[in-house]
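Here the structure comes first, spelled out in structure tokens, and everything after it is commentary.
Bear in mind these aren't lab numbers, they're just calculated from the coordinates by the rules spelled out. Keep in mind the model is a prediction, meaning the values are calculated, not measured. All Cβ positions, even for glycine, are placed from backbone atoms using ideal geometry, and neighbour counts span all protein chains on display.
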Amino acid sequence: MKALIRWSLRFIPRPWLQRAVPAIFPILAVWYRGKRYECPICQSRWRKMLPYGRVQMRANALCPKCQSLERHRLIWLYLQRKTDFFSAPHKVLHIAPEVCFVERFKQLPQLKYYTADLESPWADIKMDIRRMPLEDNSFDIIFCNHVLEHIDDEQQALRELYRVLRPGGWALLQVPINYELEHTFEDPSIESPEAREKYYGQNDHVRQYGRDYAQRLEKAGFRVKADAFVKTLPPDEVRRFALPANEILYIAVKP
Ligand SMILES: [Zn+2]
């Protein structure tokens, strides 16, 4: 199974994979059914979750029902337990929306919820994050996860996120971070997919973020809260929900 998933992620185009999943997952779900693991997003239970990862495969990563990964389940719990996202009215912009969240967020009656994407035909707003066709100070909450590592002019994107967020609003801006790096590594001469794979870990990334990530957000005006929320959870929940043990959540607030 590991080898098959690794091969699929590398060689099958993402839109095809997304189309294949609804056919394949119900079959897998029967095989993986059990009690040991639980997905807090779709509330399903499994004897194990699917392995996932491009370079190194992680065991118990992907929910066989809603396709959530470890970080998505952590975000869900954070929203549930540390914010009023599920109860209070908010105007929400969700950029490059994760499939495990979209339908569930759409059903929340108190939200004005908008999805946005550069390419996806299903997004409400088709836009380039560096030039958003949106008014100043117009959103309470923005989700923009695993996007910035693909954007050449990151500061321009951050200025746009800052601009459309209302004062007091917040954005969740997760990116892959290599905590062994003190400074983010980027070099515009690294252009080919092969070189990007080698230096940044994925062929469409344009940098590898390091421990200075929060400072890069602050440069655009945000006040950043780096929340090690997962460290506050009981170990049996971290195991049962198959959460990422070291993920830090970056909440960027517009003062
Ligand atoms: Zn799930």
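Take the residues in region 73-83 that are of a type in the set (A, V, I, L, M, F, W, C) and without any contact (Cβ under 8 Å) to a residue 60 or more places away in the chain; name whichever of them is nearest to the ligand (Cβ to nearest atom).
Filtering first and then ranking leaves W76.
Please go through region 28-64 and give me each residue that is in contact with a helix residue (DSSP H, G or I) (Cβ under 6 Å, 6 or more places away or on another chain), among the charged types (D, E, K, R) and within 12 Å of the ligand (Cβ to nearest atom), ordered by number.
E38
Looking at region 122-141 only, could you name the residues that are over 16 Å from K91 (Cβ atoms) and of a type in the set (F, W, Y)?
Correct list: W122 only.
Is there a residue being on the phi < 0 side of the Ramachandran plot, small (G, A, S) and within 15 Å of the ligand (Cβ to nearest atom) anywhere in region 65-72?
Within region 65-72, one or more residues are on the phi < 0 side of the Ramachandran plot, small (G, A, S) and within 15 Å of the ligand (Cβ to nearest atom).
Please work out if Q110 is in contact with a Ser or Thr (Cβ under 8 Å, 6 or more places away or on another chain) and among the polar types (S, T, N, Q).
In short, yes.
Only one residue in H146, H183 is out of contact with any His (no Cβ under 6 Å at 6 or more places or on another chain), farther than 19 Å from A123 by Cα, in contact (Cβ under 8 Å) with a residue 12 or more places away in the chain and not in a helix (DSSP H, G or I). Which one?
One residue alone meets the criteria, H183.
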